[in-house]
Each structure stands twice: as structure tokens, then as C-alpha cells.
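Enquirer: Dumping the structure here so I can ask a few things about it.
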Amino acid sequence: ESQRAAGIADAAALAAADAASGAIVGEPCARAAEVAAAQGASVSSCSLDDLIATVSVSWHYAGVPALAVSRAGPP
């Protein structure tokens, strides 16, 4: 299930980067948390370096935790 966690982290990081660049409205880390929560995960950490977002998520499947980290920025 680490692939699922990685996919969630990717989506959350993209949402944060989009918010940081102004492509979508909202606070970047809040948007990352919304995306992660919609997929049953939670954001463990979120940081921005200019327009580059780094997001860590945790996700549990059948009681087994999976952690993933992803980075995203503008195209």
C-alpha cells in the first residue's frame, strides 16, 4: 500500500504547489490537507520553499501505516 500513500502524497503536493503559485485559491498546506483527507490520509508535514511544496502524508490500510513524501512545483 505504499504506492497508494505515494499517490496521495503526490496529489497533496500538487495541490499545495498550485495554491502557492496562485493557480488555485487557498493556503497551500490547507489545500494539501484537504486533498489528503479526501483520500483517507493525513498530512504529517508540509513546507514551502518559494513555489516548491514538500508534503508528507500518513495513510493506514487494515491497521498498517504507510508514509510517503512528495515534492511538487510549478510546471
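Read-outs throughout are calculated quantities, based only on the coordinates presented, and are distinct from any laboratory measurement. This structure is a prediction, so every number in the text was calculated from the model and none was measured. Please note: Cβ atoms are built from the backbone with ideal geometry, for glycine as well, and neighbour counts cover all protein chains shown.
Enquirer: Hey, of (1) 5.7; (2) 4.3; (3) 4.7, which did the structure itself give for mean projected area of the Cα convex hull in nm² when calculated?
Expert: Matching entry in (1) 5.7; (2) 4.3; (3) 4.7: (2).
Enquirer: Let me ask you something else. Any chance you could give the angle, 0 to 90 degrees and rounded to 10, that helix 28-38 forms with the longest Cα principal axis of the chain?
Expert: The angle comes out at about 30 degrees.
Enquirer: Explain nothing, just the number: relative contact order of the chain, from Cα pairs under 8 Å at least 6 residues apart, as a whole percent.
Expert: With pairs under 8 Å counted, the relative contact order is 36 percent.
Enquirer: Tilt of helix 2-21 relative to the longest C-alpha principal axis of the chain, in degrees (0 to 90, nearest 10)?
Expert: That helix lies at roughly 20 degrees to the long axis.
Enquirer: Under a Cβ-Cβ cut-off of 15 Å, what is the net charge of the residues other than residue 75 that fall near it, where Lys and Arg count +1 and Asp and Glu count -1?
Expert: Around residue 75, the charge tally is -2.
Enquirer: Related question: Under the Karplus relation 6.51 cos²θ - 1.76 cosθ + 1.60, θ = phi - 60°, what is the ordered set of whole-Hz ³J(HN,Hα) values for segment 62-73, x standing for Gly and Pro?
Expert: Going residue by residue, I get 6, x, 9, x, 10, 10, 8, 10, 9, 10, 8, x Hz, with x marking Gly and Pro.
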